[in-house]
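Engineer: Here's a structure for you.
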Amino acid sequence: MLTSKMVKEAAFAAGADICGIGTMDRLEGVPEVFDPRKMFPNAKSMICLGFRIPRGVQRGIEEGTQFFQYPSMAYGGTNQMFGPAVLYELGRMIEDAGYEADIYRNTGARSVNSDMDGKPGQTYSPEEKAFSMENSGNGITGDRRTMPHTKPAREGNIPPDLFIHFRLCAVACGVGEIGWSKMLLTPEFGPMQRVMFMFTDAELEPDPMYDGEPLCKMCMKCARECPGGCIPTDRSKAITVNVGGKECTWGDLDVWRCNTYYTAAGKYYNPFVPAHVFDDNADFLDDKIEMTAENEVAAARALEAYTPCWVGYAMAKCGGCIRACVSMLEKNGCLKDRFVNPLRTGKAWKLDR
């Protein structure tokens, strides 16, 4: 008989740093387009595997001297190579025991459905559709939604491709909580992990929901260090959902602005782009301007010559919320993973422009 103990031992032996197990009924109320039961109706259990992001890959961004290793190793390395190999090994073990293993790696938000903003489906503007189709596969901002049409394969079902809500599923597996920045926080690594999932028809004993000391202290450091103003500082601008009896609250993040500023970073946080580019395009590159779909396309066009994409992931210029969160969690002694020296030893840098 397959047990949770056997699953966890196999997951850790294969290389996972975190393993949590939840029951599918904890996802009651999740929109259909995010519900893995639409993908695997007979699933009884979900397994969350967490893979730590070495803190050192943020070091170059923290010092303002090296921006390539974070997307290369934390995103590209984990999402494309290391994580899927562990997921595959665990899936083999579960299927050898006679149960189906529906493995689900992080594929990114590349369909008309996305967990970016929690809304079922995304719509095109004419400009965005034209730009997406023209630049599909180029790796520049604007090509995320490259499926202009999709329809259900069966009457009454949802259209493909189903994207699970990674953070809510992780909470349902008991591995942590969602912070004000909407990032998943765990007591081991704070925001510094990537997660992948497996859904199975095996009935496994679930882990309890995380009920330890709250990791997010609502200090708003993440919001203050966001160069695009993507995270609100006003606590009234909160979104609250219930997952398996656990209340999850985060700031109403402007996710598409976040997507743009993750690579664009803004005038004072992008050393790769001349200041005049931001000044000349202030109508859509100013952090106070609303980021509409048209503005996002315009921003991509203005910055594409300065935005190399070497590993299939746009090079991170920002990461301010992550570094701010890690430094505060370490300062407050919230993390199990302790270091001899802190991530941050001085003030965060800002370009003198």
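Quick note: the coordinates plus some simple rules give every number you see, no bench work behind them. Every value quoted in this text rests on a predicted model; they were computed, and no experiment measured them. With ideal geometry, Cβ positions are generated from the backbone for all residues, glycine too; neighbour counts draw on all protein chains shown.
Engineer: Using a 10 Å cut-off on Cβ atoms, rank the peptides 205-212, 74-81, 20-27 from the highest mean neighbour count down.
Structural biologist: Descending packing order for the listed peptides: 20-27, 74-81, 205-212.
Engineer: Sorted by mean Cβ packing within 10 Å, highest first, what order do the peptides 340-353, 55-68 take?
Structural biologist: Answer by packing, highest mean first, reads 55-68, 340-353.
Engineer: May I pose another question? So which lysines pass the test for Lys151, namely a Cα distance under 23 Å, with those fewer than 8 places away in the same chain ruled out?
Structural biologist: Partners within reach: Lys38, Lys119, Lys129.
Engineer: Given all pairs of different Cα atoms, what value in angstroms does the Kirkwood hydrodynamic radius of the stretch 215-353 take? List each step's numbers first, then the result.
Structural biologist: Details: mean 1/r = 0.0600 Å⁻¹.
After inverting the mean inverse Cα-Cα distance, the result is 16.7 Å.
Engineer: To continue, here is another question. Which aspartates and glutamates, on any chain, are close to Lys44 with Cα under 12 Å apart, when same-chain ones fewer than 8 places away are left out?
Structural biologist: Here the aspartates and glutamates satisfying the reach criterion relative to Lys44 are Asp25, Glu100, Asp102, Asp201, Glu203, Glu205.
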